[in-house]
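K.L.:
Please find one structure pasted underneath; my questions will follow.
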Amino acid sequence: MNNSKKRTENTDVKTIDSIEKKNISVVCKSIKYYREKLGMEQKELGQRVGVIGNSISNWENGRSRPDVDTLPLICKALGITMYELYNEDDPMHRHSKREQLLLEDYRTLSEEHKYVVDNTIRSLKHIESLAECPDIKELIHYSRSLAAGIGDPTEFDDDGEPIYLYLSPEVAKADCVFTVNGDSMEPKYHDGDLLLVQRYPNCPKPKPGDVGAFIVGNETYVKQYERDGLHSFNENYSTMVFQDWDNVFYIGKVLGVIDEYKDIATIEDTARYYSVHEKRS
């Protein structure tokens, strides 16, 4: 029991001693670094600090350490802070130690080389911005009823509003967004749902079982296409059947429902995306 305790005490002492040696080593290196940076001789530093003999040499070689009371005098003589003496970042300082050294090196460069550094930094910042910024796609969200053009279903009386979505396989294929109006397509599509639509002819003609957006007369519908007409998922609605002369146009294929909390890009992400990609309105 006593041996165990003794080993523990020895370990603690060794650990504390290691920390002290580490701090002494940092201080010694700092004294030498800043003294030589000033072009100051060891003798001159000794005179300013008030020590004699080989004290400065012993400190810099790690053979001894300056007294705690001497540390402020060393900092004053070398024109540094206590944080710099211990090679620590000053929490009150704007720049870290590493940044200060880089800034000092930058100031020694020629104007041509500063220009190279400036361009390199801008390029690296742009690359990092691209990596951090999520991909976004702008689509048109049609919020009003659409009028059927005479023989041309691509002409709408609604210019729509832009909607910004985070990129996904479905969003990448989509051309526009429509809002579901009513409950005829429940339980799969609900009133107020935002639907991603791939416009025809970017998508193939509808085949049986496809859900699409259709213009019938002056109204827009979301229905399931079958050979006998347009079907609703809600059994309370009848199949819409048409004759060859009826004005029925296929707008496009429904790709999915937008999750308003996950798919719609935030204002901040949208602004950052277009800033990074230098979009011009």
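The values are calculated or read from the model by the stated rules, or taken from the named source; none is laboratory data. On a predicted model such as this, the values are computed, not experimentally measured, just so you know. Positions of Cβ are generated from backbone atoms using ideal geometry, with glycine treated the same way; all protein chains shown enter the neighbour counts.
K.L.:
Out of region 195-220, which residues are under 14 Å from residue 181 (Cβ atoms) and of a type in the set (Phe, Trp, Tyr)?
P.N.:
214
K.L.:
Right, another one. Restricting the search to region 104-160, which residues are assigned to a helix (DSSP H, G or I) and either modelled with pLDDT under 60 or among the hydrophobic types (A, V, I, L, M, F, W, C) (or both)? So that I can check it myself, show each step before the final result.
P.N.:
As a first pass, look at region 104-160 and keep what is assigned to a helix (DSSP H, G or I): 104-107, 111-132.
Scanning region 104-160 gives 116, 117, 121, 124, 127, 130, 131.
Residue-by-condition table, conditions (1) closer than 22 Å to residue 29 by Cα; (2) surrounded by 12 or more Cβ atoms within 10 Å (Cβ to Cβ):
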| position | (1), (2) |
| --- | --- |
| 83 | yes, yes |
| 89 | yes, yes |
| 94 | no, no |
| 103 | yes, no |
| 107 | no, no |
| 114 | no, yes |
| 117 | no, yes |
| 123 | no, no |
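K.L.:
Let me ask another. Which members of region 161-177 meet the condition of being modelled with pLDDT of 90 or more and either within 18 Å of residue 230 (Cα to Cα) or touching a His at 6+ places or on another chain (Cβ under 9 Å) (or both)?
P.N.:
Narrowing region 161-177 to residues modelled with pLDDT of 90 or more: 162-177.
Residues satisfying the conditions are 162, 163, 176, 177.
K.L.:
Give, as residue ranges, the strands (runs of 3 or more DSSP E) completely inside region 185-281 that count at least 1 residues that are among the acidic types (Asp, Glu), assigned by TED's automatic domain parsing to the domain that holds residue 163 and more than 24 Å from residue 165 (Cβ to Cβ). Spell out how you get there, then give the answer.
P.N.:
On the way: elements: 194-199, 211-216, 219-226, 229-231, 248-257.
Result: 219-226.
K.L.:
Could I ask something else about it? Inside region 26-92, counting only helices (runs of 4 or more DSSP H) that do not spill past its ends, which hold 2 or more residues that are of a type outside the set (A, V, I, L, M) and over 40 Å from the mean Cα position of the chain (by Cα)? Quick ask: steps written out before the conclusion?
P.N.:
On the way: elements: 42-49, 55-60, 71-78, 82-85.
Output list reads 42-49, 55-60, 71-78.
K.L.:
Enumerate the pairs (first residue in region 94-111 and closer than 19 Å to residue 33 by Cα; second residue anywhere and among the charged types (D, E, K, R) and at pLDDT below 85) with beta-carbon separation below 7 Å, excluding pairs fewer than 6 apart on the same chain, so at least 6 apart or on different chains.
P.N.:
96/89; 97/89
K.L.:
Do you know which of the residues in region 5-45 that are among the basic types (Lys, Arg) and modelled with pLDDT of 75 or more is nearest to residue 77 (Cα to Cα)? Full working, then the answer.
P.N.:
Step one: list which residues in region 5-45 are among the basic types (Lys, Arg), which gives 5-7, 14, 21-22, 29, 32, 35, 37, 43.
Then keep just the ones that are modelled with pLDDT of 75 or more; that gives 29, 32, 35, 37, 43.
Values: 29: 16, 32: 12, 35: 9, 37: 13, 43: 12 Å.
So the residue we want is 35.
K.L.:
Name the single residue, out of those in region 241-263 being under 48 Å from the mean Cα position of the chain (by Cα) and surrounded by fewer than 17 Cβ atoms within 10 Å (Cβ to Cβ), that is nearest to residue 177 (Cα to Cα).
P.N.:
To start, the set of residues in region 241-263 that are under 48 Å from the mean Cα position of the chain (by Cα) comprises 248-263.
Filter once more, so that each one left must be surrounded by fewer than 17 Cβ atoms within 10 Å (Cβ to Cβ): 257, 259-262.
Values: 257: 9, 259: 12, 260: 12, 261: 16, 262: 16 Å.
Selected residue: 257.
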